[in-house]
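Enquirer: Got a structure here, written out as structure tokens. Questions coming.
The values are calculated or read from the model by the stated rules, or taken from the named source; none is laboratory data. Source: prediction; values computed, not measured. In this analysis, Cβ positions are derived from the backbone assuming ideal geometry, glycine residues included, and neighbour counts consider all displayed protein chains. In case anyone asks, the SASA skips ligands and DNA or RNA and just uses the protein heavy atoms, side chains included. Shrake-Rupley method; radii C 1.70, N 1.55, O 1.52, S 1.80 Å.
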Amino acid sequence: MMNKVIRIGTRESQLAVWQATQVKDLLSQHGFAAELVYIKSEGDIDLKTPLYEMGVQGIFTRSLDIALLNNRIDIAVHSLKDVPTQLPKGIVTAAVLKRASYKDLLVYKSEKQVVPIAIGSEWEGEASSQDSPLATSHLPLTIATSSIRRKAQWLNRYPNHIIENLRGNVNTRLQKLADSHWNGAIFAAAGLERIGLRPAHSIELDWMLPAPAQGAIVVACRKDDQYAFEACHLFNDAHTALCTGIERDFLRALLGGCSTPISALASIADDTVHFEGNILSLDGKEKASIEKTVAINNSNNLGVIAAKELLQNGGQVIADQIQHAK
Ligand SMILES: NCc1[nH]cc(CCC(=O)O)c1CC(=O)O
């Protein structure tokens, strides 16, 4: 059985291929042969069952889910933050890899103009914007991102700034920034660092809370494929799996898979889990936050409990607003 070649499905972007190669190397280190299978688009797939019946949802993960269910690949490698909280029927998580940087990163044009604002740690948006020299002394920046979470958090802090839309994979987005008049654009640090494209003119946004599971890679396999599951589970990182599980429980309990400015970060220190989460209105004007620390062996329901508390403390109003706007 050890000579079976595990087929690793990946999308074709540089980042996706890097992540899939990482999994291939891990399998190889554990004595398993594997090969990459490039899955192009949904168009070339022969499948009779309507997607909604299979519960296939995510735009980034759908074609790989279908390839898995059609037995064209044995495992699929995803950025966990792109994976809908509800996995399709018949697909399970085989491993979550040790998390890289969870942070959001601002790539900027002019250091002098942008960096003091990006750091901006001496004031907190609405709380003290009157007495902050930063809040009043700078011209509004134009920042590019297509993430409603990043947009809402930036506008919450800097209400007079301008957010421009920026789509595409990380390579395209960097090029678009270079060709634009924008002051900067926001990326996941992990995405740029993995493929060696983090520019020198970039800075981490320590005040910005990441997307649930940002920076973590997940391996999915068919539920009945014990061989693939056991092979990949050898490099499952228990702490990352626990933290991203809490973050995704929080997301699911708040608004299911809907596209909403929801952020979450769980981290482990000694024997405790620290959790921070928030939900913002689309324009960034409204914000509700939650923070909790519990013992690690008491953290099972932390995501759901934090979501419930957040809903009771201003989160529900914001969630309703967003549902209404749809
Ligand atoms: N939404 C696209 C996406 N999905 C995963 C990453 C980067 C890697 C990660 O966050 O794990 C990115 C790029 C980005 O957000 O800039």
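Enquirer: Hey, any hits in region 164-186 for a residue that's among the hydroxyl-bearing types (Ser, Thr, Tyr), modelled with pLDDT under 95 and away from the ligand (no atom under 16 Å from the Cβ)?
Expert: no
Enquirer: Answer yes if at least one residue in region 276-298 is under 30 Å from residue 14 (Cα atoms), open to solvent by less than 30 Å² (accessible area, probe 1.4 Å) and in a loop (DSSP other than H, G, I, E, B), and no otherwise.
Expert: Scanning region 276-298 turns up no residue that is under 30 Å from residue 14 (Cα atoms), open to solvent by less than 30 Å² (accessible area, probe 1.4 Å) and in a loop (DSSP other than H, G, I, E, B).
Enquirer: What tally of residues in region 133-148 results from selecting those that are modelled with pLDDT of 90 or more, away from the ligand (no atom under 15 Å from the Cβ) and in a loop (DSSP other than H, G, I, E, B)?
Expert: 2
Enquirer: Please go through region 98-120 and give me each residue that is more than 16 Å from the ligand (Cβ to nearest atom) and either open to solvent by 10 Å² or more (accessible area, probe 1.4 Å) or at pLDDT 95 or above (or both), ordered by number.
Expert: 109, 110, 111, 112, 113, 115, 116, 119
Enquirer: Can you name the helices (runs of 4 or more DSSP H) wholly within region 149-239 that have at least 3 residues being assigned by TED's automatic domain parsing to the domain that holds residue 20?
Expert: Those helices (runs of 4 or more DSSP H) span 226-233.
Enquirer: Still on this model: How many residues are open to solvent by 30 Å² or more (accessible area, probe 1.4 Å) and within 13 Å of the ligand (Cβ to nearest atom) if we restrict to region 55-97?
Expert: Here the count works out to 4.
Enquirer: Another question about this same structure. Does any residue in region 165-187 that is of a type outside the set (A, V, I, L, M, F, W, C) come within less than 9 Å, Cβ to Cβ, of a residue that is surrounded by fewer than 12 Cβ atoms within 10 Å (Cβ to Cβ) and part of a helix (DSSP H, G or I) six or more places away or on a different chain, and which pairs are these?
Expert: 168/175
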